[in-house]
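Q: Following this message is one structure expressed as structure tokens.
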Amino acid sequence: MNISALQKVRYEYKPKLPENLNGSIDSISIQNGEPTESISDKDELRGIFKNTYGKPIVTFVKGANDKIKRELKVGVILSGGQAPGGHNVIAGLYDGLKKGNPNSTLYGFKGRPSGLTDNKTIVLTDAIIDEYRNTGGFDIIGSGRTKIETPD
């Protein structure tokens with residue numbers, strides 16, 4: 001593949017991480033804060049988001065993280081309009097999973113939330129991630145505004 005001089009420089013870029021995310025991945029832990037609460041419509045939102053409503057604010061801190069070594073299978077969906085950092089969000093998720101356990105797998109649901117409902121997945125690999133790293137956009141798996149509004 002022929003790539004431009006600009007793209008070669010983009011591939012070399014290393015995004016800066018916040019201080020609390022630097023270091024080895026097994027030295028990053030989470031700290032649970034206060035439970036969250038909506039300003040209004042509390043009962044309605046609690047009913048809609050039964051599994052997630054009221055969860056605490058989570059902060060990443062330095063500390064032991066024994067669970068990070070587990071093999072994980074994670075799926076990622078991009079929804080909404082294009083945004084400049086989508087590829088690096090996915091690359092960061094991929095890198096973190098692989099640092100924790102090289103056997104972990106990141107699945108991309110292709111073409112927005114309909115990728116989930118239509119079972120259109122791709123296993124994201126080093127080669128795919130490296131091709132899109134630092135290139136902006138959401139092209140790696142696509143995005144859209146599919147509404148998931150029924151149990152079907």
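Q: ³J(HN,Hα) across the stretch 127-140 via Karplus (A = 6.51, B = -1.76, C = 1.60, θ = phi - 60°), whole Hz, x for Gly/Pro?
A: 4, 5, 4, 5, 5, 9, 4, 6, 9, x, x, 10, 5, 4
Q: Say the cut-off is 24 Å between C-alpha atoms; which of Lys67/Lys110; Lys62/Lys99; Lys110/Lys147; Lys67/Lys120 go over it?
A: Over 24 Å Cα-Cα: Lys67/Lys110; Lys67/Lys120.
Q: OK, next. As a test, work out the antiparallel percent of DSSP beta bridges whose residues both lie in the chain, rounded to the nearest 5. Write out the running numbers ahead of the final one.
A: Values: 10 of 14 bridges.
So the antiparallel bridges in the chain amount to around 70 percent.
Q: Along the stretch 99-112, what does the Karplus equation 6.51 cos²θ - 1.76 cosθ + 1.60 (θ = phi - 60°) give for ³J(HN,Hα), rounded to whole Hz, x for Gly and Pro?
A: These are the phi-based 3J(HN,Hα) values: 5, x, 7, x, 8, 5, 10, 10, 9, x, 8, 6, x, 5 Hz.
Q: Arrange the residues Val61, Val76, Val123, Val9 by how much accessible surface each exposes, largest first, with a 1.4 angstrom probe. Working shown, then result.
A: Working: Val61 40, Val76 20, Val123 70, Val9 100 Å².
From most exposed to least exposed: Val9, Val123, Val61, Val76.
Q: Over the chain, with the other protein chains present, what is the accessible area per residue in square angstrom, probe 1.4 angstrom?
A: On the way: 10680 Å² over 152 residues.
Ligands and nucleic acids excluded, the figure is 70 Å² per residue.
Q: I would also like to ask the following. Going through the stretch 1-85, which GluC sites (Glu not before Pro) have at most 12 other Cβ atoms within 10 Å and a DSSP loop state?
A: Values: sites: Glu12, Glu19, Glu37, Glu44, Glu71; in loops: Glu37, Glu71.
Taking the stretch 1-85 and a limit of 12 other Cβ atoms within 10 Å, the loop GluC sites (Glu not before Pro) found are Glu37, Glu71.
Q: Now for a different question. Given contacts defined as C-alpha pairs under 8 Å and at least six residues apart, what's the relative contact order of the chain, whole-number percent?
A: Details: 228 pairs, mean separation 36.8, N = 152.
Reported relative contact order: 24 percent.
Q: Can you list residues from other chains, or at least 5 along the same chain, whose modelled amide H is less than 5 Å from the amide H of Gly142?
A: Gly111
Q: Using a probe of 1.4 angstrom, how much of the accessible area of the chain is carbon and sulfur, in percent? Before the final figure, lay out the partial values.
A: On the way: 5780 of 10680 Å².
The C+S portion of the solvent-accessible surface of the chain is 54 percent.
Q: Cut-off under 18 Å on the C-alpha distance; same-chain residues fewer than 8 positions from Lys14 excluded. Which aspartates and glutamates are left, in chain and number order?
A: Asp95, Asp126, Asp130, Glu131
Q: Next up: Given H placed 1.01 Å from N in the peptide plane, which residues other than close sequence neighbours of Thr121 have an amide H under 5 Å from its amide H?
A: Residues meeting the criterion, in which the H sits 1.01 Å from N, are Lys110.
Q: May I pose another question? Amide H of Ile30: which non-local residues (sequence gap of 5 or more, or other chain) have their own amide H closer than 5 Å, using H built in the peptide plane?
A: Residues meeting the criterion, in which the H sits 1.01 Å from N, are Val61.
Q: Sticking with this one: For the stretch 1-100, compute Rh as the Kirkwood radius over C-alpha pairs and then the Stokes-Einstein diffusion coefficient at 37 °C and 0.692 mPa s; write the answer in µm²/s, rounded to an integer.
A: Values: Rh = 17.2 Å.
Answer, rounded: 191 µm²/s.
The values are calculated or read from the model by the stated rules, or taken from the named source; none is laboratory data. Keep in mind it's a predicted model, so treat the numbers as computed, not measured. Don't worry about glycine lacking a Cβ; one is built from the backbone with ideal geometry, like all the others, and counts go over all protein chains shown. Remember, those area values only see protein heavy atoms, side chains included, never the ligands or the DNA or RNA. Shrake-Rupley method; radii C 1.70, N 1.55, O 1.52, S 1.80 Å.
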